[in-house]
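*Asks:* Could you have a look at this structure, given as structure tokens, before my questions?
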There are 2 protein chains.
Amino acid sequence: MDFYMNKALEQAKKALSRDEVPIGAVIVKDGVIIARGYNKRESSQNALAHAEIIAISKACKKLKSWRLDGAEIYVTLEPCPMCAGAIMNARISKIVFGAYEPKSGACGSKFDVIGDSGLNHNAVFIGGVMEEECSLLIKNYFKSKRG
Amino acid sequence: MDFYMNKALEQAKKALSRDEVPIGAVIVKDGVIIARGYNKRESSQNALAHAEIIAISKACKKLKSWRLDGAEIYVTLEPCPMCAGAIMNARISKIVFGAYEPKSGACGSKFDVIGDSGLNHNAVFIGGVMEEECSLLIKNYFKSKRG
């Protein structure tokens, strides 16, 4: 799992180099990375431009399908409700995230979009993978902003 | 409110004419419709292509800002977690929806993404506006699919 999380971290660092909150994601199917994304909210001025949303959109285009069954998403921060909902809508099977997000995380920390059977799909998730690296990147970004 | 919900219904009918689940949305700011959207999931084969997401993306482009403070969204069906999360991320101030969605609605029916203070924003919502028209359109669509 660390291999793919490192790839998600590479994406997060791209966001950092563009002065965006450093969050990155990759989507993997059958062991192959099929899509990548990093947070572009400020540069695109689009409220939807989270790493996961960008990656899901690319993956749908690549597979020419809105159904990403069997795919896994690796993301450096616990998804927000929008992104967790998008992951469920895309029928992604597994979510691996790095840092926990107590304020707005939707894989159980604040909301429980994933574990609930209301949506026509269930996914498994694993949190805290390479947590320190993922978390430090974001913390240092905010520290540099305040400093 | 019926005026704008009728506009959202017009969008839903566009979806219907393209054999999509008939859901439509409009975003209003200062009394002016600034963006419209209708469900395009099947025709675009994109899991993100819900009416609200399309409308929010257009509104951000139009205002050149990810912040849609003061805007209102009118949508024919209670938003799912993805769309409710997107509405919160875009700082939309008010949500007016038509039909309730007991299975996956995120304005209180199944999830409570809007009423919760976890996100850096609060919005007000009103459900059940022109409920019968909005609901019938969707029910008849599914009935025709089964029939």
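The values are calculated or read from the model by the stated rules, or taken from the named source; none is laboratory data. Predicted, not measured: the structure shown is a model, and the values here were computed from it. As a convention, Cβ positions derive from the backbone with ideal geometry for all residues, glycine included, and neighbour counts pool all protein chains shown.
*Asks:* Taking the condition at pLDDT below 95 and farther than 17 Å from B:Lys13 by Cα, does B:Ser57 pass?
*Replies:* When the stated conditions are applied, B:Ser57 does not pass them.
*Asks:* Check off (1) surrounded by fewer than 19 Cβ atoms within 10 Å (Cβ to Cβ); (2) in contact with a helix residue (DSSP H, G or I) (Cβ under 7 Å, 6 or more places away or on another chain) for B:Leu63 and give me the number that stays unchecked.
*Replies:* (2)
*Asks:* Looking only at the range A:119-147, filter to residues that are within 14 Å of chain B (Cβ to nearest Cβ) and crowded, with 18+ Cβ neighbours inside 10 Å; which one of those is modelled with the highest pLDDT?
*Replies:* Across the range A:119-147, the extreme among qualifying residues is A:Ala123.
*Asks:* Which condition breaks for A:Asp30 when tested against (1) farther than 26 Å from B:Arg67 by Cα; (2) in contact with a strand residue (DSSP E or B) (Cβ under 7 Å, 6 or more places away or on another chain)?
*Replies:* The number of the failed condition is (2).
*Asks:* Also, quick follow-up: With respect to B:Ser17, determine if the residue is under 19 Å from B:Phe142 (Cα atoms) and at pLDDT below 95.
*Replies:* no
*Asks:* Check A:Glu20, A:Glu10 and return the single one that is buried (at least 19 other Cβ atoms within 10 Å of the Cβ) and without any contact (Cβ under 8 Å) to a residue 24 or more places away in the chain.
*Replies:* Numbers: A:Glu10 fails: buried (at least 19 other Cβ atoms within 10 Å of the Cβ).
It is A:Glu20.
*Asks:* So if I check each of A:Ala90, A:Ala99, A:Ala84, A:Ala106, which one is surrounded by 22 or more Cβ atoms within 10 Å (Cβ to Cβ), farther than 23 Å from B:Ala49 by Cβ and of a type in the set (Gly, Ala, Ser)?
*Replies:* Values: A:Ala90 fails: farther than 23 Å from B:Ala49 by Cβ; A:Ala84 fails: farther than 23 Å from B:Ala49 by Cβ; A:Ala106 fails: farther than 23 Å from B:Ala49 by Cβ.
That would be A:Ala99, the only listed residue that is surrounded by 22 or more Cβ atoms within 10 Å (Cβ to Cβ), farther than 23 Å from B:Ala49 by Cβ and of a type in the set (Gly, Ala, Ser).
*Asks:* Got at least one residue in the range A:37-45 being crowded, with 24+ Cβ neighbours inside 10 Å, under 30 Å from B:Ala71 (Cα atoms), at pLDDT 95 or above and not polar (S, T, N, Q)?
*Replies:* Checking the range A:37-45: at least one residue is crowded, with 24+ Cβ neighbours inside 10 Å, under 30 Å from B:Ala71 (Cα atoms), at pLDDT 95 or above and not polar (S, T, N, Q).
*Asks:* Restricting attention to the range A:23-36, and to residues there that are within 11 Å of the chain's Cα centre (by Cα), touching a residue at least 40 places away in the same chain (Cβ under 8 Å) and within 18 Å of A:Arg91 (Cα to Cα), which single residue is surrounded by the most Cβ atoms within 10 Å (Cβ to Cβ)? Spell out the reasoning first.
*Replies:* Residues of the range A:23-36 that are within 11 Å of the chain's Cα centre (by Cα), as a first pass: A:23-27, A:36.
If we keep only those that are touching a residue at least 40 places away in the same chain (Cβ under 8 Å) as well, we get A:23-27.
The next check asks that each one be within 18 Å of A:Arg91 (Cα to Cα); those that pass are A:25-27.
Details: A:Ala25: 31, A:Val26: 27, A:Ile27: 29.
Only one residue fits best here, namely A:Ala25.
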